[in-house]
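Engineer: Have a look at the structure that comes next, please.
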Amino acid sequence: MECPIIFIGHSLGGLVIEDCLLNSNTSHEDYIKEILRSTTAIAFLGTPHGGSNQAEMAIIGANFLKLFRNINKDILMSLTPASEALSRIQQDFHRVVNGLPDSRKIKITCFYEELPVKGIGEIVPKNSAILSAYSNYPIYANHTDMTKFTNVPNNDQGYITVMNEIRRWIREELKRNRAATSAPGSQNYVASAHGVGQKAVEATSDRREDSNSRG
């Protein structure tokens, strides 16, 4: 893992993250596959993972259309009852995430809105915004305001709740990295890196000597 990644996705952005990781999983390009390998945690805020029935998904889709009038229609179609896109993304995402080895398990936390949007109502209900196998927390705000934290973060409970999870993930990742660094295998990596550097220096010296002999 070159650099651990923590994704934070609000609303439909959470579905984009899931699809991104699915594409990373099936890609033949190493730099794209590295995205999934480097992902350590995901925070979903108000992401519509699914509905309890088709009628509920129809309501969610209609409310999104009211809230975001310029929304990409292709994305919105994934929320319609007739679409299989959302179901496919969810099934494949959980299959990929659950299939990762313990050393690469992705930490996931879901946050859901507690207040309705004025004139529209609830956009993503709790049962759609959470994933039952993972931690979930409420944010006392509506769908559009749940990521608009105040200028005084220490007094914003939503900010505190989200940041507590992010800080926990960072602490756990740092602890894991320290443990990996102290493992016997890490010495081989350092030795290998040293060897590569040493060879580079020797090659440079050889070129210099060759140049001097020609001069």
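Each reported figure results from applying straightforward, stated rules to the coordinates on display, with no laboratory input. Bear in mind that the values here come from a model prediction, so they are computed numbers and not experimental data. Note that we place each Cβ from the backbone using ideal geometry, even for glycine, and neighbour counts take in every protein chain shown.
Engineer: 5 Å is the cut-off here: which amide hydrogens, built 1.01 Å from N in the peptide plane, fall below it relative to residue 10, excluding neighbours closer than 5 in sequence?
Structural biologist: Answer set, sorted by chain and number: 45.
Engineer: Are there any GluC sites (Glu not before Pro) in segment 83-120 that are in a DSSP loop and have at most 11 other Cβ atoms within 10 Å? List them by number. Mind dumping the intermediate values first?
Structural biologist: Working: sites: 84, 113, 114; in loops: 84, 114.
Loop-located and lightly packed - 84.
Engineer: Which FRET efficiency value, to the nearest 0.05, is calculated for residue 95 and residue 29 with the Förster distance at 35 angstrom and r the Cβ-Cβ distance?
Structural biologist: That pair, residue 95 with residue 29, gives E of 0.95.
Engineer: Count neighbours as other Cβ atoms within 10 Å of each site's Cβ, and list the GluC sites (Glu not before Pro) in segment 5-43 that are DSSP loop with at most 11 such neighbours. Provide the component values of the computation, followed by the final result.
Structural biologist: Working: sites: 18, 29, 34; in loops: 29.
Sites meeting the loop and neighbour criteria: 29.
Engineer: Ranked by Cβ crowding within 10 angstrom, fewest neighbours first, how are 109, 47, 161 ordered? Please report the intermediate quantities before stating the final value.
Structural biologist: Working: 109 22, 47 25, 161 15.
Ranking 109, 47, 161 by Cβ neighbours within 10 Å, fewest first, gives 161, 109, 47.
Engineer: A further question follows. Which of the residue pairs 148/175; 105/148; 33/126; 105/126; 126/175 have a Cα-Cα distance greater than 27 Å in the structure shown?
Structural biologist: Numbers: 148/175 31 Å; 105/148 29 Å; 33/126 32 Å; 105/126 24 Å; 126/175 33 Å.
Distance filter (> 27 Å) returns 148/175; 105/148; 33/126; 126/175.
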